[in-house]
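The values are calculated or read from the model by the stated rules, or taken from the named source; none is laboratory data. As the structure is a computational prediction, the values presented were derived from the model and not from experiment. So basically every Cβ, Gly included, is an ideal-geometry build from the backbone, and we count neighbours across all protein chains shown. Please note that ligands, DNA and RNA were not included when accessible areas were found on the heavy atoms of the full protein model with its side chains. Shrake-Rupley method; radii C 1.70, N 1.55, O 1.52, S 1.80 Å.
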Amino acid sequence: MRAARAWLGPRRRVATDIQVTCGGGVIKEVGAQRPVPGDTEILTVGGFLLPAAADRHVHLGLADPAAVLRGGVTAVRDLAWAPEPIFALADASELPSFNGPLVRAAGPMLTAPGGYPMGAGWAPPGTGLELRGAEAAAAAVAGLRGLGAAVIKVSLNAEAGPPLGDVELMAVCEAAHVADLPVTAHVQGPGQVERALGAGVDELAHTPWTQRLSEETIAAAAARQRIVSTLNIHAFGRDTPQLLVALDNLRRFHDAGGSVIYGTDLGNGPIPPGIDTAELLLMERAGLSGADVLQALVRAPLEAGAPADLLALGRDPLEDLSAFDDVRLVVRAGKVVMRR
């Protein structure tokens, strides 16, 4: 694959006259354009080349995997669904015949009896798993690990029912960390971010939007957690109070050195499949530079050994993030899945 201009990934420069050699689903070599054997298949990219995107917060049961892939997202992390269908989908996504992104999943959200998402209209039976006691919490983590969970998600939503209790939350975090699994949390309501910090939760699955976090909480979170953006779910095309709180929290978190990653909560409202340019522009509005946004978005850099997942846009997104409205090429595992 050859391109006149390419961004090679986080902390890397924009390169010109680049050549990317792929094979076996991975990148074999990245460098300057040079002669190749006569029987080599060459794809010349007319636009701006960069790594493909990963969405770290989706509910794929509410979306079309093929549309997600065509829109430039070659890997997703599903953060709450019934275990049988989502882990089966994750397994299927590793096959060459799968028409969709690579899927990693949490399985059900761990919650208190009667807590969120139990009874939520969007969540089919099995999306939540109610815990009673430390032993049940540890057993739930072990069971999900055995099914192939890539992350453990907990519900700390005090506005839609009882949040997971302290005993269960601590036991989940301890068991997950012993199993080398990160813990992500849906935090909603006063004091829930602080509880997540105290228990050792690694990640917030949404930018907090229900209240302005204190400077002390922001500093602690920036030192110990990362945040999945999910800003556009609050926008509805306008500056809602929830969006303004989230933007303020994310701006201060980023300014404090916190790690931000791209995620949309796909399946929640009118979020489009594929790369959501509106989400990227809101991240920029929260103080991330164009390079910061790309770093939060991409799955892996363009380098030898990385997945052969690539995008081409009509123009340079480092100059204007709305370039993501013009996706011209999507490659997953070295295979062209969309080209315009």
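Test each condition in (1) in contact (Cβ under 8 Å) with a residue 60 or more places away in the chain; (2) open to solvent by 10 Å² or more (accessible area, probe 1.4 Å); (3) of a type outside the set (Asp, Glu); (4) touching a helix residue (DSSP H, G or I) at 6+ places or on another chain (Cβ under 6 Å) for ARG5 and report the one that comes out false.
So the condition that ARG5 fails would be (4).
What's the total number of residues in the stretch 251-266 that are in contact with a helix residue (DSSP H, G or I) (Cβ under 7 Å, 6 or more places away or on another chain) and among the polar types (S, T, N, Q)?
1
Looking at (1) closer than 25 Å to PHE87 by Cβ; (2) more than 20 Å from the chain's Cα centre (by Cα); (3) touching a residue at least 24 places away in the same chain (Cβ under 8 Å); (4) in a helix (DSSP H, G or I), which one does GLY146 not meet, given that it meets all the others?
Of everything listed in (1) closer than 25 Å to PHE87 by Cβ; (2) more than 20 Å from the chain's Cα centre (by Cα); (3) touching a residue at least 24 places away in the same chain (Cβ under 8 Å); (4) in a helix (DSSP H, G or I), GLY146 misses just condition (3).
Are any residues in the stretch 101-119 part of a loop (DSSP other than H, G, I, E, B), within 25 Å of GLY189 (Cβ to Cβ) and open to solvent by less than 20 Å² (accessible area, probe 1.4 Å), and if so, which ones?
Scanning the stretch 101-119 gives ALA106, GLY107, PRO108, ALA112, GLY115, PRO117.
How do the strands (runs of 3 or more DSSP E) wholly within the stretch 274-340 filter down when requiring 2 or more residues that are open to solvent by 10 Å² or more (accessible area, probe 1.4 Å) and of a type in the set (Val, Ile, Thr): which remain? Give the derivation first.
Details: elements: 310-313, 327-332, 335-339.
Where strands (runs of 3 or more DSSP E) fall fully within the stretch 274-340 and carry at least 2 residues being open to solvent by 10 Å² or more (accessible area, probe 1.4 Å) and of a type in the set (Val, Ile, Thr), they are 335-339.
Residue check: is PHE253 of a type in the set (Phe, Trp, Tyr), farther than 20 Å from PRO208 by Cβ and not in a loop (DSSP other than H, G, I, E, B)?
The answer is no for PHE253.
Can you name the residue in the stretch 176-205 that is assigned to a loop (DSSP other than H, G, I, E, B) and open to solvent by 10 Å² or more (accessible area, probe 1.4 Å) and is also nearest to ALA149 (Cα to Cα) among such residues? Explain how you work it out, then say what you get.
Going through the stretch 176-205, the residues assigned to a loop (DSSP other than H, G, I, E, B) turn out to be 179-182, 189-191, 200-202, 205.
Imposing the further condition that a residue be open to solvent by 10 Å² or more (accessible area, probe 1.4 Å) reduces the set to 179-182, 190-191, 200, 202.
On the way: ALA179: 11, ASP180: 11, LEU181: 8, PRO182: 10, PRO190: 29, GLY191: 28, GLY200: 19, ASP202: 16 Å.
Only one residue tops the list, namely LEU181.
Mind telling me which of the residues ALA92, ALA67, ALA53, ALA80 ends up being in contact with a strand residue (DSSP E or B) (Cβ under 6 Å, 6 or more places away or on another chain), among the small types (Gly, Ala, Ser) and within 30 Å of LEU8 (Cα to Cα)?
ALA53
Is there any pair linking a residue in the stretch 91-118 that is within 13 Å of THR74 (Cα to Cα) to one that is open to solvent by less than 20 Å² (accessible area, probe 1.4 Å) and modelled with pLDDT under 95, with Cβ under 9 Å and at least six apart or on different chains, and which?
none
Which numbered condition trips up LEU79, out of (1) within 22 Å of ALA142 (Cα to Cα); (2) open to solvent by 40 Å² or more (accessible area, probe 1.4 Å)?
For LEU79, the failing item is (2).
For ALA221, state whether it is closer than 21 Å to PRO108 by Cα and either buried (at least 16 other Cβ atoms within 10 Å of the Cβ) or modelled with pLDDT of 95 or more (or both). Spell out the reasoning first.
Working: closer than 21 Å to PRO108 by Cα: no; either buried (at least 16 other Cβ atoms within 10 Å of the Cβ) or modelled with pLDDT of 95 or more (or both): yes.
So ALA221 does not fit the description; no.
Under 7 Å between Cβ atoms, which residue pairs at least 6 apart in sequence (or on different chains) link something in the stretch 71-82 that is on the phi > 0 side of the Ramachandran plot with a partner that is outside any loop (DSSP other than H, G, I, E, B) and of a type in the set (D, E, K, R)?
Final answer for the pair search is ALA80/LYS153.
Condition check: touching a Pro at 6+ places or on another chain (Cβ under 9 Å), under 22 Å from HIS59 (Cβ atoms), open to solvent by 20 Å² or more (accessible area, probe 1.4 Å) and among the hydroxyl-bearing types (Ser, Thr, Tyr). Does THR127 satisfy that?
Taking the combined requirement at face value, the residue does not satisfy it.
From the set of residues in the stretch 145-159 that are touching a Phe, Trp or Tyr at 6+ places or on another chain (Cβ under 9 Å) and within 18 Å of ALA88 (Cα to Cα), which is least open to solvent (accessible area, probe 1.4 Å)?
Per the stated criteria, the residue is ALA149.
Can you tell me which residue is least open to solvent (accessible area, probe 1.4 Å) among those in the stretch 39-69 that are of a type in the set (D, E, K, R) and within 26 Å of GLY305 (Cβ to Cβ)?
Within the stretch 39-69, the match that is least open to solvent (accessible area, probe 1.4 Å) is ASP55.
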